[in-house]
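Beneath this line is the structure, given in structure tokens, with notes to follow.
The values are calculated or read from the model by the stated rules, or taken from the named source; none is laboratory data. Keep in mind it's a predicted model, so treat the numbers as computed, not measured. Methodologically, a virtual Cβ is constructed for each residue, glycine included, from the backbone with ideal geometry; neighbour enumeration extends over all protein chains shown. Just so you know, the surface numbers come from the protein's heavy atoms only, side chains and all, with ligands and any DNA or RNA stripped out. Shrake-Rupley method; radii C 1.70, N 1.55, O 1.52, S 1.80 Å.
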Amino acid sequence: MRERDLFMEIWRERPHFCTGCNKKLDHEAKAHYFSHIIPKGRRKDLKLEKDNIVLECIECHTLWETGSMEKKRKMLNFEHKLKYVENLDYSMYYKMKFI
Ligand SMILES: [Zn+2]
């Protein structure tokens with residue numbers, strides 16, 4: 001499955017809200033709304049894994065990619081992400097939980 005097809009499937013299945021801050025997303029499924037919990041560069045095998053993708057507004061997506069852990073911890077979906085990462089990437093989990 002191509003990434004865009006997967007994005008459209010997710011867009012059909014989930015409410016169009018940012019899971020990081022609860023903001024309503026636009027009608028159009030913009031590519032930057034699809035945020036990988038475990039980054040593509042870190043785990044290519046999870047790039048097309050639906051559970052590894054959350055809907056986020058551009059601010060939250062950018063925060064998740066480049067922000068400080070302190071700010072990331074304040075995101076509404078942080079616990080959800082932590083739970084997902086725990087079973088798949090222990091070093092990322094450890095960083096999220098303890099550093
Ligand atoms: Zn947001």
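Can you tell me how many residues in the stretch 75-99 are surrounded by 12 or more Cβ atoms within 10 Å (Cβ to Cβ) and either within 13 Å of S35 (Cβ to Cβ) or of a type outside the set (S, T, Y) (or both)? First the steps, then the outcome.
At the first step, the residues of the stretch 75-99 found to be surrounded by 12 or more Cβ atoms within 10 Å (Cβ to Cβ) are 75-78, 80-82, 84-86, 88-89, 92-97.
Next, only the ones that are either within 13 Å of S35 (Cβ to Cβ) or of a type outside the set (S, T, Y) (or both) stay: 75-78, 80-82, 84-86, 88-89, 92, 95-97.
Count: 16.
Residues that are of a type in the set (D, E) and assigned to a helix (DSSP H, G or I): does the stretch 86-96 have at least one? The answer is yes; a qualifying residue exists.
The residues of the stretch 49-63 that are within 16 Å of the ligand (Cβ to nearest atom), open to solvent by less than 20 Å² (accessible area, probe 1.4 Å) and not acidic (D, E), listed by number, are I53, V54, L55, C57, C60. With respect to the conditions (1) open to solvent by less than 70 Å² (accessible area, probe 1.4 Å); (2) within 16 Å of the ligand (Cβ to nearest atom), L46 lacks only one, and its number is (2).
The numbered conditions (1) over 21 Å from N87 (Cβ atoms); (2) loosely packed, with under 13 Cβ neighbours inside 10 Å; (3) of a type outside the set (D, E); (4) more than 16 Å from the ligand (Cβ to nearest atom) are all true for P15 except (4). Whenever a residue of the stretch 50-78 is free of Cβ contacts under 8 Å to residues at least 24 places away in the same chain, its partners that are in a helix (DSSP H, G or I) and open to solvent by 30 Å² or more (accessible area, probe 1.4 Å), lying with C-beta atoms within less than 6 angstrom and at least six residues away or across chains, give the pairs K71/L63. Taking each residue of the stretch 13-29 that is in contact (Cβ under 8 Å) with a residue 60 or more places away in the chain and looking for partners that are part of a loop (DSSP other than H, G, I, E, B) with beta-carbon atoms closer than 6 Å, six or more apart or interchain, yields T19/N77. Taking the numbered list (1) more than 16 Å from the ligand (Cβ to nearest atom); (2) buried (at least 16 other Cβ atoms within 10 Å of the Cβ); (3) outside any loop (DSSP other than H, G, I, E, B) in turn, I38 passes all entries but (3).
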